[in-house]
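Values quoted throughout were computed directly from the atomic coordinates according to the rules given, and no laboratory measurement underlies them. Values in this document were obtained by computation on a predicted structure and should not be read as measured data. Here the Cβ is made from the backbone with ideal geometry for all residues, glycine too, and neighbour counts use every protein chain on show.
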Amino acid sequence: MSKVATLEIDGKRYEFPVVEGTENELGINIKSLRGESGVITLDPGYKNTGSCESGITFLDGEKGILRYRGYAIEDLAEKADFLEVAYLLIFGDLPSKEQLEKFYDDIKEQSTVDEEMKKILDGFPKAAHPMGVLSSLTSALVAFNPSCVDVSSEQDMYNAIVKILGKFPVLAAWTLRKKTSLPLNYGDDSLGYVENLHKMMFEKPGKKYEVNQSVIDALDKLLILHADHEQNCSTSTVRMVGSSHAGLFASISAGISALWGPLHGGANQAVIEMLEKIKEDGGDTKKFMAKAKDKDDPFRLMGFGHRVYKNFDPRAKIIKKSADEVLGQLGVEDPILDIAKGLEKEALEDPYFVDRKLYPNVDFYSGIIYRALGIPVEMFTVMFALGRLPGWIAQWREMRLNKEPIGRPRQIYTGHTHREFQPVDKR
Ligand code: CMC
């Protein structure tokens, strides 16, 4: 028997169907609520609101489970590569060897960026934050690829998808090279997706590009861990903008802006800045723990807490282990890794954090790895965006294929009621 939820307002009862997901999650379908009762729901921050039905990513925040299309994140991080995971997220199943090869060939075919785009890049000051530059360049891609906006068939969608997957690493590498005053690099199609990204970012003029496999493996794993996370702030932004049929590139550009914030993807930069500050201040972690708990102090322990995880973020567990391995392999000793471990230990024993179920999230240790790989701190959120790209694409594609209506929440108005207009000399 299907479940029903009953709501009573002023003595009048309304019934709503309860939908059940494949992992037995329940949601009350209130589609007819306003039409029947004239009432809406109010849920700031959408803490209890499901915006869509989705078959892409499952996460159970209480149990610390994360799966892409049914596959455990632990398995994918260990056994798959980033491009396979991208294919899985976007198209629903792991690719065969032939499917993967074709997918990568199609991406490579689209990996050049119009030379005119460089003029836009040149217009930015060197001090510009790479996330702002990346968002603008991604949006500018629309002007050079107008056919990707009005996508009405699956083939149109596919074309737009391989275009953005091909061009996005180029743009991300440009933002870094701009920051570090290096000439732009065009990559090498004979390399794998992640290796080529690394080359475009780091190859120095006149120097032979030598790849360190540990670096590529670490980068690949980080990208996989960031690849999707269901309806988070940036993904909801991508779906929302896409719901107006603005096109994939404009939607992704908006997602980048959403990700930039320190409460979301920008936390990886904020974590390193916080750990550096603690180090410079003499390394007194207790002082910063006290600040984080003080309600009159805006300081928060960056990299801690999550809207959905009320248990260990499974990605944080993998990244912590990876941080130890990568730093060991590269022979890097970073004092802030010890500060991070100290903070984590204290927080996990502190009633403030325990009671609120605040655990390290994906961003707590990722910055330490990025730093060991030689990536400047302002680029950390760009690395997150590179990882999240397939997730954004998958969610946008699902939204378009499901023919979801334009996203348009309602509100409870709390402003003035009607006022008589007064001319300026009477105010
Ligand atoms: N340090 C200190 N107190 C915290 C923290 C923190 N990092 N996070 C939450 N709290 C407290 C908060 O003050 C509140 O306390 P009280 O109930 O006494 O008012 C309680 O915990 C609940 O917090 P909330 O802000 O209502 O929770 P939320 O679900 O709205 O916010 C969050 C989630 C991730 C924005 C928040 O935990 C936070 O700001 N964390 C630091 C930033 C961060 O690391 N963000 C990265 C998130 S993971 C990457 C991603 O997917 O974006």
Handout entry: Stretch gain in nm, segment A128-R419, where the contour uses 0.36 nm per residue and the Cα spacing is subtracted
Key = 100.4 nm
Fill in the blank from the handout: Once both label points are put 7 Å beyond Cα along the C-beta direction, the E404-D217 separation in nm becomes 3.7
Practice task
Can you figure out the FRET efficiency of Q411 with L26, using R₀ = 22 Å and their beta-carbon distance, to the nearest 0.05?
Solution key: 0.25
Problem - Ranking of T381, T237 by count of other Cβ atoms within 10 Å, fewest first - result: T237, T381
Exercise for the section: Could you list R177, R397 in order of exposure, starting from the residue whose Cβ has the fewest other Cβ atoms within 10 Å? Expected result: R177, R397
Handout entry: Mean ellipticity per residue at 222 nm, deg cm²/dmol - from DSSP H runs of n ≥ 4 across the chain, formula -39500 (n - 2.57)
Key = -16000 deg cm²/dmol
Problem - Per-selection metrics, the chain (Cα): Rg and Dmax in Å - result: 23.3, 79
Problem - Where only alpha carbons of segment 266-373 are counted, the Rg and the Dmax (Å) - result: 13.2, 42
Problem - Whole-number percent relative contact order across the chain, with pairs defined as alpha carbons under 8 Å at least 6 apart - result: 20
Problem - Residues K178, K3, sorted so that the one with the fewest Cβ neighbours within 10 Å comes first - result: K3, K178
Practice task
Grab the beta carbon distance between V18 and Y352, set R0 = 30 Å, and tell me the FRET efficiency rounded to 0.05.
Solution key: 0.25
Practice task
At 30 Å minimum axial length over the Cα atoms and a Kyte-Doolittle cut of -1.0, report the qualifying DSSP H helices in the chain, or say none.
Solution key: 154-179, 380-401
Completion exercise
Within the set A316, A128, A160, GNM on the chain using Cα springs under 10 Å gives the largest fluctuation to A128
Practice task
Compute the distance in nm between two label points, each set 7 Å from the Cα along the Cα-to-Cβ direction, one at F299 and one at D324.
Solution key: 2.8
Practice task
Can you tell me which of 303-312, 16-25 comes out highest on packing, and rank the rest after it, using the mean Cβ neighbours within 10 Å?
Solution key: 303-312, 16-25
Fill in the blank from the handout: Under the 7 Å Cα-to-Cβ spin-label approximation, V332 and K279 lie apart by a distance in nanometres of 1.1
Handout entry: Cleavage-rule hits (chymotrypsin sites (Phe, Trp or Tyr not before Pro)) in segment 184-293: DSSP loop, at most 16 neighbouring Cβ within 10 angstrom
Key = Y186, Y209
Practice task
Anything over 22 Å Cα to Cα? Flag those among K63/K357; K179/K341; K102/K321; K31/K357, in the order listed.
Solution key: K179/K341; K102/K321; K31/K357
